[in-house]
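Written out below as structure tokens is the structure these notes cover.
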């Protein structure tokens, strides 16, 4: 072995053979879902079918949220200049940061902290949430994952939590998220419902993902939505147009039943 040889534990490439985390990729094809394969890459083992379905639901939940989010507006602006597809998509992805998409990671840190306080101080979920949220507000820290500029009850949160219960995956952190929602009423005196970022953060904590991956889940989810917006921009709009984020209207199909 050469002196400067380095090792990877992820993928092995040999003539006529590709293994991912030890599994031949052609044997994974048609046997596992894309979400299960993502779990395999990130965690090193294949998840249960229910974990794969839970991840599918999370990816669907954030696939798009209209034309007004910063990542979409950024991608549309670059697409309008005639830039290559990958350049416009990269711009959208680079716009997903601390305050847009990054709330998943921040919420995960909060939920994990509350669980540590709960166990250390032998508190109930509700009391631990109040203690941590009160300290955060006293230190002027933002409680990410709660409240929404449009939704008073985020339908994606309701569905994700229902599926987590159905699949037997809802654990301490889903309960903590619900306790934080109540704690915010006690500490702030107003209702700030759990948004989709907070819901995803809670479920990801219960799936034992590190907060480091929180932003990744939003990016993986939003790539398809951004791609569709870029394609629409470059095939139906005039180049170099003035994009007013408030001057849009919906012109797609009426609501459909599955």
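The values are calculated or read from the model by the stated rules, or taken from the named source; none is laboratory data. Not measured: the values here are computed from a predicted model. FYI the Cβ positions are ideal-geometry reconstructions off the backbone, even for glycines, and counts take in every protein chain you see.
Taking the conditions exactly as written (farther than 21 Å from residue 81 by Cβ and modelled with pLDDT of 95 or more), does residue 219 satisfy them or not? Spell out the reasoning first.
Working: farther than 21 Å from residue 81 by Cβ: yes; modelled with pLDDT of 95 or more: yes.
Taking the combined requirement at face value, the residue satisfies it.
For the list (1) surrounded by fewer than 24 Cβ atoms within 10 Å (Cβ to Cβ); (2) within 19 Å of the chain's Cα centre (by Cα); (3) assigned to a helix (DSSP H, G or I), I need the number of the one condition that residue 186 fails.
Of everything listed in (1) surrounded by fewer than 24 Cβ atoms within 10 Å (Cβ to Cβ); (2) within 19 Å of the chain's Cα centre (by Cα); (3) assigned to a helix (DSSP H, G or I), residue 186 misses just condition (2).
Considering the range 8-18 alone, what residues qualify as being within 14 Å of residue 45 (Cβ to Cβ) and touching a strand residue (DSSP E or B) at 6+ places or on another chain (Cβ under 9 Å)?
10
So which residues in the range 24-66 are closer than 16 Å to residue 101 by Cβ and either touching a helix residue (DSSP H, G or I) at 6+ places or on another chain (Cβ under 7 Å) or not in a helix (DSSP H, G or I) (or both)? Spell out how you get there, then give the answer.
Of the range 24-66, the ones closer than 16 Å to residue 101 by Cβ are 58-66.
Residues satisfying the conditions are 58, 59, 61, 62, 63, 64, 65, 66.
Looking at (1) under 30 Å from residue 174 (Cα atoms); (2) at pLDDT below 95, can you tell me which one residue 4 breaks?
In the conditions (1) under 30 Å from residue 174 (Cα atoms); (2) at pLDDT below 95, residue 4 misses (1) alone.
As an exercise: evaluate residue 232 against (1) without any contact (Cβ under 8 Å) to a residue 40 or more places away in the chain; (2) more than 26 Å from residue 105 (Cβ to Cβ); (3) not assigned by TED's automatic domain parsing to the domain that holds residue 74 and give the number of the one condition it does not meet.
So residue 232 meets the others, but not (3).
For residue 108, all conditions in the list (1) over 18 Å from the mean Cα position of the chain (by Cα); (2) at pLDDT 95 or above hold save one; what is the number of the exception?
(1)
It is to be established whether one or more residues within the range 132-148 are modelled with pLDDT of 95 or more, in a helix (DSSP H, G or I), in contact with a strand residue (DSSP E or B) (Cβ under 8 Å, 6 or more places away or on another chain) and crowded, with 21+ Cβ neighbours inside 10 Å.
Checked the range 132-148: no residue is modelled with pLDDT of 95 or more, in a helix (DSSP H, G or I), in contact with a strand residue (DSSP E or B) (Cβ under 8 Å, 6 or more places away or on another chain) and crowded, with 21+ Cβ neighbours inside 10 Å.
For the range 207-224, indicate whether the set of residues that are over 12 Å from the mean Cα position of the chain (by Cα), over 19 Å from residue 47 (Cα atoms) and part of a helix (DSSP H, G or I) is non-empty.
Checked the range 207-224: at least one residue is over 12 Å from the mean Cα position of the chain (by Cα), over 19 Å from residue 47 (Cα atoms) and part of a helix (DSSP H, G or I).
Mind telling me which of the residues 92, 198 ends up being surrounded by 22 or more Cβ atoms within 10 Å (Cβ to Cβ), in the same structural domain as residue 219 (by TED's automatic domain parsing) and in a helix (DSSP H, G or I)?
Selected residue: 92, the only one of 92, 198 that is surrounded by 22 or more Cβ atoms within 10 Å (Cβ to Cβ), in the same structural domain as residue 219 (by TED's automatic domain parsing) and in a helix (DSSP H, G or I).
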